[in-house]
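Participant: If you scroll down you'll find the structure; I have some questions about it.
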Amino acid sequence: MLKIGCHLSASLGFLGMAHTAFSIGANTFQFFLRSPKSGKNIDISEEDLELFRDFNLKNNFAPIVAHSPYTINLCSSKPMVRKFSKKMLRDDIKKLDLLPGNFYNLHPGSHTGLGISKGIRFIAESLGEILPEFKNTTLVLETMAGKGTEIGSTFDEIADIIDFSGNPDNIGVCFDTCHMFDAGFDLSKLDEILSEFDKKIGIDRLKIIHLNDSKNPIGSKKDRHEKIGKGYIGIDVFHKILTNKYLRNLPFILETPNDLIGYAEEILILKNLVK
Ligand code: FE
Ligand code: FE
Ligand code: ZN
């Protein structure tokens, strides 16, 4: 069965998000554990987690994905930002670890002038220190569009981060289709892309797909998401992605510009596409 969901507001609580996901035909979802811009925490109650676990089991939900706040930057040129980012990351994973078997999605970071290799070292150092402290959560590094000084728009950069962090078991990768297309990957050549990924990183590390079309042509590095089939990537490529033998069993998360009704329609379109 297709594992599919979309980004939801954590203000609903875990049970609320699960109910909402269920109501639009989803069996997973993504959320921010804290405000994406201010980094302020969202309250989680023991009772909410308990009810959520029950609901998940009964309804056969797929793993869920917590998305890091944009304020986390492990490779900022400012030492204070790096320090605060590590603290937020540790606190977030500690929380998510209460719900075993789920994913924490991280933007690798922007080096803000330090240069790519120094940036990669800083990210890897922090992950190498933090990840071995946790057993229940897998951190996934999101592939980026390469906007500004963003790190993680090539498989080489992601492979280096994983290698230099000491290859912890609980590190993986999230493909964001809009970001990859914007970074210059021709997604219609999916087999070639996956074989490059396997060679450089290992296909087992691929855990999550962010399913987004792009408002801009290939290689534009703009990172503007579009509704599925309405952008430059096109519906045929999404069919390829959803049915690929290495991808079809992974959780797909929509981050397209939609309200709930729009997401429900998009999920239905995608389910029909793979029928
Ligand atoms: Fe993201
Ligand atoms: Fe994304
Ligand atoms: Zn994006």
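The values are calculated or read from the model by the stated rules, or taken from the named source; none is laboratory data. The structure displayed is predicted, hence computed values, not measured ones. No Cβ is skipped: glycine too gets one built from the backbone with ideal geometry, and neighbour counts run over all protein chains shown.
Participant: Can we say Ser214 is small (Gly, Ala, Ser), within 12 Å of ligand 3 (Cβ to nearest atom) and crowded, with 18+ Cβ neighbours inside 10 Å? Spell out the reasoning first.
Facilitator: Details: small (Gly, Ala, Ser): yes; within 12 Å of ligand 3 (Cβ to nearest atom): yes; crowded, with 18+ Cβ neighbours inside 10 Å: yes.
Yes: the conditions hold for Ser214.
Participant: I'm told Ser153 meets every condition in (1) in contact with a strand residue (DSSP E or B) (Cβ under 6 Å, 6 or more places away or on another chain); (2) assigned to a loop (DSSP other than H, G, I, E, B); (3) of a type in the set (S, T, N, Q) except one. Can you identify the failing condition by its number?
Facilitator: Result: Ser153 fails condition (1) only.
Participant: Go over the candidates Asn258, Asn244, Asn249 one by one and state the one that is away from ligand 2 (no atom under 16 Å from the Cβ), in contact (Cβ under 8 Å) with a residue 60 or more places away in the chain and farther than 18 Å from Met144 by Cα.
Facilitator: On the way: Asn258 fails: away from ligand 2 (no atom under 16 Å from the Cβ); Asn244 fails: in contact (Cβ under 8 Å) with a residue 60 or more places away in the chain.
When all the criteria are applied, what remains is Asn249.
Participant: What tally of residues in segment 84-95 results from selecting those that are surrounded by 23 or more Cβ atoms within 10 Å (Cβ to Cβ) and farther than 24 Å from Ile253 by Cα?
Facilitator: Here the count works out to 1.
Participant: While we're here: Please state which of the following conditions Phe181 fails to meet, knowing it meets all the rest: (1) aromatic (Phe, Trp, Tyr); (2) over 28 Å from Asn258 (Cα atoms); (3) buried (at least 18 other Cβ atoms within 10 Å of the Cβ).
Facilitator: For Phe181, the failing item is (2).
Participant: If you don't mind, another one. Count, please, the residues in segment 168-184 that happen to be more than 14 Å from ligand 3 (Cβ to nearest atom), in contact with a helix residue (DSSP H, G or I) (Cβ under 9 Å, 6 or more places away or on another chain) and farther than 16 Å from Ile208 by Cβ. Reasoning before the result, please.
Facilitator: First, the residues of segment 168-184 that are more than 14 Å from ligand 3 (Cβ to nearest atom): 168-173, 184.
With the extra rule that they be in contact with a helix residue (DSSP H, G or I) (Cβ under 9 Å, 6 or more places away or on another chain), the set shrinks to 168-173.
Filter again for farther than 16 Å from Ile208 by Cβ, leaving 168-169.
Here the count works out to 2.
Participant: Checking the conditions here, which among Ser165, Ser153, Ser188 is touching a helix residue (DSSP H, G or I) at 6+ places or on another chain (Cβ under 8 Å) and within 15 Å of ligand 3 (Cβ to nearest atom)?
Facilitator: Values: Ser165 fails: within 15 Å of ligand 3 (Cβ to nearest atom); Ser188 fails: within 15 Å of ligand 3 (Cβ to nearest atom).
Among Ser165, Ser153, Ser188, only Ser153 is touching a helix residue (DSSP H, G or I) at 6+ places or on another chain (Cβ under 8 Å) and within 15 Å of ligand 3 (Cβ to nearest atom).
Participant: Here is a check on your reading of the model: is Glu265 free of Cβ contacts under 8 Å to residues at least 12 places away in the same chain and either buried (at least 17 other Cβ atoms within 10 Å of the Cβ) or of a type outside the set (Phe, Trp, Tyr) (or both)? It would help to see each step written out before you state the result.
Facilitator: Numbers: free of Cβ contacts under 8 Å to residues at least 12 places away in the same chain: yes; either buried (at least 17 other Cβ atoms within 10 Å of the Cβ) or of a type outside the set (Phe, Trp, Tyr) (or both): yes.
Answer is yes for this residue.
Participant: Would you point out which residue out of Arg224, Arg205 is free of Cβ contacts under 8 Å to residues at least 60 places away in the same chain and either within 16 Å of ligand 1 (Cβ to nearest atom) or among the hydroxyl-bearing types (Ser, Thr, Tyr) (or both)?
Facilitator: Details: Arg205 fails: either within 16 Å of ligand 1 (Cβ to nearest atom) or among the hydroxyl-bearing types (Ser, Thr, Tyr) (or both).
After ruling out the rest, the residue left standing is Arg224.
Participant: So which residues in segment 96-113 are surrounded by fewer than 18 Cβ atoms within 10 Å (Cβ to Cβ) and at negative phi? Steps first, please.
Facilitator: If we filter segment 96-113 for residues that are surrounded by fewer than 18 Cβ atoms within 10 Å (Cβ to Cβ), which is where we start, we get 97-98, 100-101, 112-113.
Within segment 96-113, Asp97, Leu98, Pro100 meet the criteria.
Participant: While we're looking at this one, here's another question. So which of Ile42, Ile72 is closer than 27 Å to Phe252 by Cβ and modelled with pLDDT of 95 or more?
Facilitator: Numbers: Ile42 fails: modelled with pLDDT of 95 or more.
Checking each option against the conditions leaves just Ile72.
Participant: So which of Ile158, Ile171 ends up being away from ligand 2 (no atom under 16 Å from the Cβ), touching a strand residue (DSSP E or B) at 6+ places or on another chain (Cβ under 8 Å) and closer than 21 Å to Ser68 by Cβ? I'd like the intermediate steps shown before the answer.
Facilitator: Working: Ile158 fails: away from ligand 2 (no atom under 16 Å from the Cβ).
Just a single option satisfies the conditions, and that option is Ile171.
Participant: I need the full set of residues from segment 184-202 which are of a type outside the set (D, E, K, R), closer than 28 Å to Glu129 by Cβ and in contact (Cβ under 8 Å) with a residue 40 or more places away in the chain, in order please.
Facilitator: Taking segment 184-202 as the starting set, the residues that turn out to be of a type outside the set (D, E, K, R) are 184-185, 187-188, 190, 193-195, 197, 201-202.
Filter once more, so that each one left must be closer than 28 Å to Glu129 by Cβ: 197, 201-202.
Correct list: Phe197, Ile201.
Participant: Right, next: Considering only segment 34-74, state which residues are assigned to a loop (DSSP other than H, G, I, E, B) and under 15 Å from Leu98 (Cβ atoms). If you could, list the steps in order and put the result at the bottom.
Facilitator: Kept after step one, since they are assigned to a loop (DSSP other than H, G, I, E, B), are these residues of segment 34-74: 35-40, 42-45, 59-64, 68-74.
Listed by number, the residues that qualify are Ile42, Asp43, Ile44, Ser45, Pro63, Ile64.
Participant: Of the residues Gly234, Gly219, which is small (Gly, Ala, Ser), away from ligand 1 (no atom under 16 Å from the Cβ) and surrounded by fewer than 15 Cβ atoms within 10 Å (Cβ to Cβ)?
Facilitator: Gly219
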